[in-house]
Amino acid sequence: MAAHDGTANPVPAKGPDPAGAGPGSPLADPLSVPRVGHSDVRELRGPLLVLGDAAGVGWDEFATVAVSGQPERHGLVLEVDGDETTLQVLEGTEGMSLGGIEVRFSGRPLAVPAGPGWLGRVCNGRGEPLDGGPPVTGGTPTPVGGWPLNPVYREPPQDPVLTGISAIDALTTLVRGQKLPIFSVPGLPHLTLATQIAAQATTSSGRAFRVVFAAMGMTHADIAFIRDRLEERSAAGELVLLLNAADDPVIERILTPRIALTVAESLAYDHGSDVLVVMSDMTSYAEAVREVSAARREIPARRGYPGYLYSDLATLYERCGRVQGREGSVTIVPVLTMPAGDITHPVPDLTGYITEGQVVLDPDVDARGIYPPVDELSSLSRLMRSGAGKGRTREDHLDVAAQILSAMARARSAAELAELVGTAALSETDNAYIEFRNVVEHDLLNQGRDELRTFDETMERAWQALSLLPRRELNMLSAEFLDKYLPVPEGGARS
């Protein structure tokens, strides 16, 4: 990402050289000369290796781990305590024993060659090719931990990222430079929605639009589904795929989103592209952080997660936005599943504090056959006004969205009342609101899993639904908009 000195204009990030990874990996650097090896391995604990007598080692330093009779592995320094150094082994410690191990430190953090060479590639969570192609090379070596960004040089998110999905474009508009998570429940089609967004999203900025998709903890069936759904965008050279399987080492799951964001920052701030980063599933990522924390024997906090989970998630989510003097932008859509549908679970709870809204998927909406099953009254985009309205989407967009949400709230109350007293006891207006809700759900919010809707088509469907309500009820819309856009029902004007 762009690096800053705190006083001058942003300058391109120039990270240290990557450190001594094995052949076939984007982490490889043939010019790197590792330090003297250390063999005082004192403990192997889950994915961690505890090394003694290693003076001068720094936090987050990259290392190579030579194992007698086995392929070379790689590690990152997690902790230095006196003469003991704790490393997380990226490939895991399975099959290793205390004897026959030599660790060589590079003196540099983990880095990848960021640049456009990633476009069109399919890699695992460590950035190693899964598509049969050569390793990704040729870019500027950039630390995967990112660079601190001086807040002075942040510019507010602006202009829409249109997904072609009415439920998002109309009511929870995604804005260029925003971080907008999707909250879901296991069993709902959140992965289908994430891939649809990745396949269809675009901006009207005129700049190149790129997508980086980071999958974490996926089954092999899910990975095949992702590759199939995004094949067209990948073939067009607009997509980077990083796929971490559930049976891959847990440490790789922690590395995957960091590599994805490092690549996205380079494409955005060094090459002027608008980049959308989709990360699914962040709950799998958080569980990997918890597993490593437990292996480090740290004191657990809420539900066994470490107390630093908030700051850990923030180091990912805050790597988005627009930067003064740079054309590109990074927009993040994290996808996370809420265990047992509990929105107060630490992962969605902390995510909500860091991000700017949420799109909530609801099992009850899914049971009614609506896709995507968005609960529109629990969802919001706090930056929607920065990306919608005249000159961005359409002049009537914000007022129409407000009117639909207001009417849906009234319709929900009317439906609850109907369950108590029956629809026959409701007023004509209440019944109109119930009909309005059904039309919104089935004609506006519901769409095909491969259906790409233009924004004008979405707004036309919204106005058709609003035409079911008496005109006097549309009190959030100006007379000018009503005269211009409201369809006139058969038989004359609506009262």
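The values are calculated or read from the model by the stated rules, or taken from the named source; none is laboratory data. Being a predicted model, the structure only gives us computed values, none of them experimental. When we count neighbours, we look across all protein chains shown, and the Cβ atoms used for this are built from the backbone with ideal geometry, even at glycine. Side chains are part of the model used for accessible areas, which takes the heavy atoms of the whole protein and leaves out ligands, DNA and RNA. Shrake-Rupley method; radii C 1.70, N 1.55, O 1.52, S 1.80 Å.
Data table
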{"item": "Enumeration of residues in the range 210-221 that are surrounded by fewer than 19 Cβ atoms within 10 Å (Cβ to Cβ) and outside any helix (DSSP H, G or I)", "result": "THR219"}
{"item": "Verdict on PRO334 being open to solvent by less than 10 Å² (accessible area, probe 1.4 Å), touching a Ser or Thr at 6+ places or on another chain (Cβ under 9 Å) and part of a loop (DSSP other than H, G, I, E, B)", "result": "no"}
{"item": "Considering residues of the range 75-119 that are touching a Ser or Thr at 6+ places or on another chain (Cβ under 7 Å) and open to solvent by less than 10 Å² (accessible area, probe 1.4 Å) only, the residue nearest to GLY145 (Cα to Cα)", "result": "ALA111"}
{"item": "So GLU356, is it under 20 Å from ILE168 (Cα atoms) and open to solvent by 10 Å² or more (accessible area, probe 1.4 Å)", "result": "yes"}
{"item": "Residue match in the range 190-201 (condition: of a type in the set (S, T, N, Q) and surrounded by fewer than 24 Cβ atoms within 10 Å (Cβ to Cβ))", "result": "yes"}
{"item": "Number of the exception - GLY187 against (1) under 30 Å from ILE343 (Cα atoms); (2) crowded, with 21+ Cβ neighbours inside 10 Å; (3) in contact (Cβ under 8 Å) with a residue 40 or more places away in the chain", "result": "(2)"}
{"item": "Total residues in the range 125-166, condition charged (D, E, K, R) and part of a loop (DSSP other than H, G, I, E, B)", "result": "4"}
{"item": "Selection within the range 339-363 - modelled with pLDDT under 95 and closer than 18 Å to LEU193 by Cα", "result": "GLY341"}
{"item": "Pairs, first on the phi < 0 side of the Ramachandran plot and among the acidic types (Asp, Glu) in the range 116-143, second part of a strand (DSSP E or B) and surrounded by fewer than 20 Cβ atoms within 10 Å (Cβ to Cβ), C-beta under 8 Å, six or more apart", "result": "none"}
{"item": "Helices (runs of 4 or more DSSP H) lying entirely in the range 222-320 (those with 2 or more residues that are of a type in the set (A, V, I, L, M, F, W, C), surrounded by 21 or more Cβ atoms within 10 Å (Cβ to Cβ) and at pLDDT 95 or above)", "result": "250-265, 282-295, 309-317"}
{"item": "Yes/no for PHE481 being more than 22 Å from LEU377 (Cβ to Cβ), modelled with pLDDT of 95 or more and open to solvent by less than 50 Å² (accessible area, probe 1.4 Å)", "result": "yes"}
{"item": "Some residue of the range 279-298 being in contact (Cβ under 8 Å) with a residue 60 or more places away in the chain, in contact with a Cys (Cβ under 8 Å, 6 or more places away or on another chain) and either more than 15 Å from ARG319 (Cβ to Cβ) or of a type in the set (A, V, I, L, M) (or both)", "result": "no"}
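Yes/no per residue for (1) over 28 Å from GLU287 (Cα atoms); (2) out of contact with any Gly (no Cβ under 8 Å at 6 or more places or on another chain):
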residue	(1), (2)
GLY75	no, yes
LEU78	no, yes
GLY82	yes, yes
GLY92	no, yes
ARG104	yes, no
